[in-house]
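> What follows is a structure written as structure tokens; I'll ask about it next.
The values are calculated or read from the model by the stated rules, or taken from the named source; none is laboratory data. Because the structure is predicted, anything quoted here is derived from the model rather than measured. Quick reminder, even Gly has a Cβ in these numbers, built from the backbone with ideal geometry, and neighbours come from all protein chains shown.
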Amino acid sequence: MSSSASGASSLLARRYAASLIDVASRAGALDPVERDMASLAQLLATSEDFRFFLGNPVFSKDRQFAVMADVVKKGGYHQLVVNFLGVLVQNRRLGALSAILLAFVREMDERRGVAYAQVKVASPLSGEQEQLLRTMLSDSIHKTVSLEIQVDPSILGGMVVTIGSHMIDDSVSSKLARLKLAMTANSNSINASTKEVV
């Protein structure tokens, strides 16, 4: 999938997730809806048949409605989730459910003040290093930070950190430089750098 197609898919997933959260919030049903979405995510993670079904676009709408009706009946899902899944089937967007479930969790976290930091490192971080980085970033932006770490040897021992649309300023760069020093016990050539996402 091209980067533009991936971006469009991600945007679509975020819109569907945000819409469901808004509706559930207005209805005072956010807690049960969140539980049901977690249940769907668990089903997706554990059922190869369900993943195959979602990833196969050849199934007719009638077949998709029938399968999802069975899923929601067994799960005892809230009516808003039942309706939401029906909309996905009607709009032929059921294949996006996996991305929507991820976007739902992220949107909920962000509304609760959690920021996602995407971190690229040349080699895996230890648990202590992850915690130090998380603490530094949280202190800098005054939010709880969830790290998404990707190992990328091509960055030649460096570290690239992006946090949504937040600018990582010089004060954060200084803290990351101190983190680099703390990491030299395990590596003699770690260079920390930052990346701003507009």
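> Residues 53, 59: which one is more than 25 Å from residue 163 (Cα to Cα), assigned to a helix (DSSP H, G or I) and in contact with a helix residue (DSSP H, G or I) (Cβ under 8 Å, 6 or more places away or on another chain)?
53
> Of the conditions (1) under 19 Å from residue 12 (Cβ atoms); (2) among the hydroxyl-bearing types (Ser, Thr, Tyr); (3) part of a loop (DSSP other than H, G, I, E, B), residue 77 clears all except one; give me its number.
(1)
> Something else now. From the residues in the stretch 45-59 that are under 15 Å from residue 93 (Cβ atoms) and not hydrophobic (A, V, I, L, M, F, W, C), which one is nearest to the chain's Cα centre (by Cα)?
Ranking the qualifying residues of the stretch 45-59, first place goes to 55.
> Now a separate question. Residue 38 - would you say it is assigned to a helix (DSSP H, G or I), closer than 23 Å to residue 148 by Cβ and modelled with pLDDT of 95 or more?
yes
> Give me the residue from the stretch 115-145 that is among the hydroxyl-bearing types (Ser, Thr, Tyr), touching a helix residue (DSSP H, G or I) at 6+ places or on another chain (Cβ under 7 Å) and more than 13 Å from residue 162 (Cβ to Cβ) and, out of that set, modelled with the highest pLDDT.
144
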